[in-house]
Amino acid sequence: MRTRVRGWRWRCNPLRRRSDVIEAWTALVVAVLLCAGAPLAGAVAGWWSYGSARTAQVTERAQRHEVAAVLVEDAPNGGPSMQSRRQPLYDVKVRWTEPGKGTRTAVARVPAGLRSGDVTDVWLDAGDRGVDPPATDTVVWQHAATTGVWAAAGMAGTVLVTRAVVRRVAQRHRMAEWEAEWARTGPEWGRRTA
């Protein structure tokens with residue numbers, strides 16, 4: 001019958017080896033890092049990522065403006081792809097009127113299937129070049145959450161791989177210590193007394 005004694009690596013015990021103590025401390029550090037360190041690393045990385053993505057979003061919103069434009073030419077037909085339900089965007093020549101500046105023409109990204117004469121909203125930069133719309137709040141939060149999850153997973157993976165390496169090294173040392181002990185005591189066991 002096998003009995004498991006909890007905490008034997010922490011107690012003074014003649015069978016306890018140095019590698020057992022190192023492995024016990026490693027297990028404690030791993031538990032703390034997995035329970036506190038990985039979530040903390042994920043939260044810090046997520047907040048940092050949110051701050052940088054939010055700054056980029058504000059900058060994009062300041063540098064881009066949306067106008068209602070009329071298509072000068074037809075956009076190619078194309079349905080949603082199998083991977084995404086969104087309509088693909090194509091670069092098409094559009095025309096719009098700005099107060100005080102007159103009619104302007106540029107190439108902008110518009111949804112597939114629009115015809116010449118259709119009105120659509122397009123995003124332009126300061127040089128009146130067609131650009132993608134700025135990131136939405138949802139995209140910023142998704143980016144931050146994804147970064148946080150990957151940072152926590154990376155931290156947990158690193159901790160677990162380090163734990164496996166330490167355990168393997170401790171096992172090798174333990175086996176070497178047992179081999180040395182057996183080399184010292186083994187001959188006494190084989191001696192015959194008469």
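Using a Gaussian network model on the chain with a 10 Å cutoff between Cα atoms, which of ARG167, ARG16, ARG184 fluctuates the most?
Of the options given, ARG184 has the highest mean-square fluctuation.
Three principal axis extents, largest first, for the C-alpha atoms of region 119-179, in Å?
83, 21, 16 Å, listed from the longest principal axis down.
Within the accessible area of the chain, what % is carbon and sulfur when the probe is 1.4 Å and the other protein chains stay in place? Please report the intermediate quantities before stating the final value.
Numbers: 8300 of 14140 Å².
Carbon plus sulfur share of accessible area: 59 percent.
So what's the chain giving for Rg/Rh, alpha carbon basis, Kirkwood Rh from the mean inverse pair distance?
1.42
Hey, what number do you get for the chain at 222 nm if only DSSP H runs of n ≥ 4 count, each worth -39500 (n - 2.57), divided across all residues, to the nearest 500? Provide the component values of the computation, followed by the final result.
Values: 3 runs with 95 residues, N = 194.
Taking each H run of at least 4 residues, the total per residue is -18000 deg cm²/dmol.
GNM, the chain, Cα, under 10 Å: largest mean-square fluctuation among TRP141, TRP47, TRP96?
Judging by the Gaussian network model, the answer is TRP96.
What net charge is computed for the residues neighbouring VAL110, neighbours being all others with C-beta under 11 Å from the C-beta of VAL110, Lys and Arg scored +1, Asp and Glu -1?
Overall, the nearby charge balance is -2.
Pairing the Cα long axis of helix 38-63 with the longest principal axis of the chain, what angle in degrees results, from 0 to 90 and rounded to the nearest 10?
Between helix and principal axis, roughly 10 degrees.
The values are calculated or read from the model by the stated rules, or taken from the named source; none is laboratory data. As the structure is a computational prediction, the values presented were derived from the model and not from experiment. Note that each Cβ is placed from the backbone with ideal geometry, even for glycine, and that neighbours are counted across all protein chains shown. Protein only, heavy atoms only, side chains kept; ligands, DNA and RNA dropped before computing areas. Shrake-Rupley method; radii C 1.70, N 1.55, O 1.52, S 1.80 Å.
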